[in-house]
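The values are calculated or read from the model by the stated rules, or taken from the named source; none is laboratory data. Everything numeric in this text was worked out from a predicted model, so none of it was measured. Cβ: placed from backbone, ideal geometry, glycine included. Neighbour counts: every protein chain shown. In case anyone asks, the SASA skips ligands and DNA or RNA and just uses the protein heavy atoms, side chains included. Shrake-Rupley method; radii C 1.70, N 1.55, O 1.52, S 1.80 Å.
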Amino acid sequence: MNNRGHNTQERASLRDALFGVPHLSGGRRPGERKGGALTAGSLLDKAILLLLLGAVCLFVLWPMACILLRSLGDGEGGFTLAAYAQVWSRYRENLWNSVFVGVLSALACTVFSTAAAIFIATRRGWVKMACMALLLITMVSPPFVSSLAYIQLYGRRGWITYRLLGISWDPYNCWGVIWMQSISFVPLNTLLLIGILSKLDTGSLQAARDLGARPAAILRDVVLPLMGPGILVSLLLSFVRSLSDYGTPVIIGGRFSTIASEIYLQLVGYSDLEKSSAMNMFLLLPAIAAFFLYRYLMRRSDKLSEGSRSRQGRLELSLSRCGPVGIGIAAVSILFFLMMVLQYGCIFLAGFLKSTKGVYSFTLRNWEELWRLDAATMVRSVVYALIVSLAGTLFAMLFAYYMERRRVPGRSFFDCVATLPYMLPGTCFGIGYILAFNHEPLKLTGTAVIVLANMLFKQLPTATKICSASLTQVPLALERSARDLGGGQLAVLRDVILPSLRPAFLSCFVYNFSSSMTTAGAIIFLINPGKKLAVFKLFDAVYTGDYAVASLIASVIIVIVLAVEGLAYLITWKGGERNVS
Amino acid sequence: MYLELSHLKKSFGEKTVVEDLTLSLPQGELLCILGSSGCGKTTTLNMIGGFLAPDSGQILVDGEDITAIPPERRPVTTVFQSYGLFPHMTVLQNVVYGLKFQRIRRAEAREKGLRYLEMVGLADYAGAYIHEISGGQQQRVALARALIVEPKLCLLDEPFSNLDAALRVKMRQELKSLQRELGMTMVFVTHDQEEALILADRMAIMEQGRVLQYDAPLHIYHNPVSPFVADFLGLKDLEWRQDGALLKIIRRDDKEEHHAG
Ligand SMILES: Nc1ncnc2c1ncn2[C@@H]1O[C@H](COP(=O)(O)OP(=O)(O)OP(=O)(O)O)[C@@H](O)[C@H]1O
Ligand SMILES: [Mg+2]
């Protein structure tokens, strides 16, 4: 209730700020403009807005529509459900597998994430630093790293299973897939939950304690319920990501296949597009449903933390005094972080080892070979990532500005469309682009543009969110005074909004760069075979069993991303320093 | 005495925040700690509540040394400045939360909760969620939640600072009558002189971690120990009703009049 009142007031003052001052040049609503000529500035302003909205529709909505249309098409302009019937009868087992794996992965992953988040939030000092550093590395790691380490550690010739324990077993099955998926979704969910925990009201925790609640009761009655919506979001995100994950089943599923891995196989073979589209609809619909549920849950979570005092230090909760649950949380977290250490140790080492009759020795051969064969790929990946980072950040800033501060007609619709890719399965986004852009007048398949656009729009939701969050920090008064002094909409954008988004620029850039370097998702289907990217090579290497090279590529990607992020922080930090002095 | 603080001391690093604090309070009375911002009031309350361990000194409640007892087992509850209500629970659930740890049957707890809600005038809001009620109502929920466990001592840290002036005056009266009715021993922290004068049975003036004067409010008013205390109180005249309750305060500098019961 309070909240609603506040919003109305804010809206009113927003309207006031934008339209309420009649003597300004670009200050009236388009419909209300009387006589006066359109200034160049306000024309440009409109043009930018139209460009943004047009691009979002073209690169998000249209590809989705193409999948739907194609899945219903009978090839001669009519409509039929034949493709669906065929998928239902032939791939029912895959569908069932997908749901099975999705549910179990989501559950396992959420248990891990919740435990890890609570564990980290209650630590301080070097333990916390070390855990956060590990999470950071996992965040900048390419996909398939877990599967790669899994095969090397626990595979048929695995370091642990075969060399250490001497067992020979077949790791390629559905349990491997579930295990790997849950491990690789943990970092993102953990960061999400840590964010929610840091917004937990210290007052509530203190009050519970004050009223006689022991740590275990605080955990059960306050901490976990307040994390509730976040935990549901974690379940939901993991489920959808598991549904759309084709990499893990393809690499370690063996004969076990899901609907996503089946789509992958269909797509790389460029076979029946109607069928692939229909199969994709089975992923797309749950993803869209999950997306709306996700938005609802996030709003709930925000509501729970609304008005709470944010906590500076750690969560004051002694896990060792929380009984079995506390011990469980600590144990699960420690297990997880140990596995991560093992995983990355394995990845970083594997590239530099060669095995002769079971004896390992150090070698630089793979390293040299990698640079001889793939230097161009690495450079291309970095260049693409830089382009997407710059263009994507600019796009996100402008988009966030128009969405947050201006009364764009259909605002919530466009906002929703632009956020949709967050949940879209890679196969959907990939086949959508292939269908939408493989004929005139928009023939983009095989070009770099389609790859760049795909990356940009896949990352737009998070980038926009970063910018919006930062934009809410910019006081309206600042904007208002710029208008008051005679600046048009464009001047406000140039002189007030963009400069104050500087901190957001950095986070946005860094996010875009690391995602562009590491997401495989839809890119795998769009890349021109002559112009490969690093993640593509990585996938290839894992798929063909060239684990040493794969480990090297993964290590190089991680190092490059960390280096560029470090550099970006250094530059802005130096820049900031110069500004002050 | 019912509550005895003796030689409490607390420092954060180099900085001494509370220095040699000694106070005592009889049962059923309300102690006001009055001091400017940053003088160590919250730190003192946190030590009594158990959220901070004093560097030295003792805290006794009803003859029992509670200095080393953790907050969940102290016979002390706190109404926090930010209330600390549980946003995922209803008003009634918030209020009865503390009873959960007293092995009281659910139905009984509910009944008692409704009684306390009635007492603070919120009987109609039992099923509402915290974000659905106003600031003043949240304040009362926090109060009811702290009182329902029948603590030996209730601490209040600037409980009215988030309320507007009119509501503050109203809540003040309600708190005072509730305290009298229940015979509850309370420690109330504020930086508002008027609030302290009206509420307190005993008043401690605090500055930079020390207690400058500790006495009945009227006594302090008539015999300030130092020019600082006199200046800090900054009052010109008090008007009394026949029954001895304070009616009105006239400030020295502004001519504004404040009514109180
Ligand atoms: N955890 C801490 N670490 C270091 N210094 C602290 C800490 N807590 C409080 N202080 C310092 O102790 C002093 C007294 O703090 P305290 O919160 O007790 O003041 P206060 O009297 O309650 O003030 P206010 O009226 O503003 O609430 C302040 O100067 C504060 O900076
Ligand atoms: Mg305080």
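Miscellaneous remarks
- Applying the criterion of being in contact (Cβ under 8 Å) with a residue 40 or more places away in the chain and facing chain B (nearest Cβ under 10 Å) to the residues of region A:208-223, the residue that is surrounded by the fewest Cβ atoms within 10 Å (Cβ to Cβ) is A:R214.
- No other residue among B:H131, B:H191, B:H219 is within 16 Å of ligand 2 (Cβ to nearest atom) and either more than 14 Å from chain A (Cβ to nearest Cβ) or out of contact with any strand residue (DSSP E or B) (no Cβ under 9 Å at 6 or more places or on another chain) (or both) apart from B:H191.
- Test result for A:R494, among the charged types (D, E, K, R) and open to solvent by less than 10 Å² (accessible area, probe 1.4 Å): no
- Residues of region B:12-24 include none that is in a helix (DSSP H, G or I), hydrophobic (A, V, I, L, M, F, W, C) and within 15 Å of ligand 1 (Cβ to nearest atom).
- Looking across region B:182-210, just one residue is buried (at least 23 other Cβ atoms within 10 Å of the Cβ), closer than 17 Å to B:E19 by Cβ and of a type outside the set (A, V, I, L, M, F, W, C), and that is B:G209.
- Residue that is open to solvent by 10 Å² or more (accessible area, probe 1.4 Å) and touching an Asp or Glu at 6+ places or on another chain (Cβ under 9 Å), where the choices are A:L164, A:L205, A:L191: A:L205
- B:K41 satisfies every condition listed in (1) surrounded by 15 or more Cβ atoms within 10 Å (Cβ to Cβ); (2) more than 15 Å from ligand 2 (Cβ to nearest atom); (3) more than 14 Å from chain A (Cβ to nearest Cβ) except (2).
- When the helices (runs of 4 or more DSSP H) confined to region A:201-256 are screened for residues that are not aliphatic (A, V, I, L, M), those reaching at least 2 such residues are found at A:202-210, A:224-244, A:247-252.
- Subset of region A:39-69 (residues that are modelled with pLDDT under 85 and either among the aliphatic types (A, V, I, L, M) or under 25 Å from A:L424 (Cα atoms) (or both)): A:A40, A:L43, A:L44
- Any hit, region A:229-236, residues being within 14 Å of chain B (Cβ to nearest Cβ) and in contact with a Gly (Cβ under 9 Å, 6 or more places away or on another chain): yes
- The residues in region B:47-82 that are open to solvent by less than 40 Å² (accessible area, probe 1.4 Å), assigned to a helix (DSSP H, G or I) and either within 9 Å of chain A (Cβ to nearest Cβ) or of a type in the set (K, R) (or both) can be counted, and the count is 3.
- A:E440 vs. criteria more than 27 Å from A:V556 (Cβ to Cβ) and modelled with pLDDT under 85: yes
- Filter result for B:D124 (more than 16 Å from ligand 1 (Cβ to nearest atom), open to solvent by 40 Å² or more (accessible area, probe 1.4 Å) and under 30 Å from B:V17 (Cβ atoms)): no
- Residue that is least open to solvent (accessible area, probe 1.4 Å) [pool: residues in region A:454-491 that are among the β-branched types (V, I, T) and under 14 Å from the mean Cα position of the chain (by Cα)]: A:T464
- Restricted to region B:148-173, and to residues there that are open to solvent by less than 10 Å² (accessible area, probe 1.4 Å) and within 11 Å of chain A (Cβ to nearest Cβ), the residue that is nearest to ligand 1 (Cβ to nearest atom) is B:L155.
- Checked against the criterion of being at pLDDT 85 or above and either away from ligand 1 (no atom under 16 Å from the Cβ) or over 30 Å from B:P75 (Cα atoms) (or both), region B:220-232 contains one or more residues that satisfy it.
- Residue that is away from ligand 1 (no atom under 16 Å from the Cβ), hydroxyl-bearing (S, T, Y) and within 21 Å of B:I48 (Cα to Cα), where the choices are B:T185, B:T190: B:T185
- Verdict on A:L211 being within 26 Å of B:F80 (Cα to Cα) and at pLDDT 90 or above: yes
- Any hit, region A:347-355, residues being open to solvent by less than 20 Å² (accessible area, probe 1.4 Å), modelled with pLDDT of 85 or more and either farther than 30 Å from A:S204 by Cα or within 14 Å of chain B (Cβ to nearest Cβ) (or both): yes
- The helices (runs of 4 or more DSSP H) located wholly in region A:424-528 that include 2 or more residues which are in contact with a helix residue (DSSP H, G or I) (Cβ under 8 Å, 6 or more places away or on another chain) and small (G, A, S) occupy A:426-436, A:448-471, A:502-518.
- The set of residues from region B:95-110 being exposed (fewer than 12 other Cβ atoms within 10 Å of the Cβ) and away from chain A (no Cβ under 13 Å) comprises B:R105, B:R106, B:A107, B:E108.
- Qualifying residue in region A:457-470 (condition: modelled with pLDDT of 75 or more and touching a Lys or Arg at 6+ places or on another chain (Cβ under 8 Å)): no
- Out of B:L60, B:L45, sole residue that is touching a residue at least 40 places away in the same chain (Cβ under 8 Å) and either touching a helix residue (DSSP H, G or I) at 6+ places or on another chain (Cβ under 7 Å) or within 16 Å of ligand 1 (Cβ to nearest atom) (or both): B:L45
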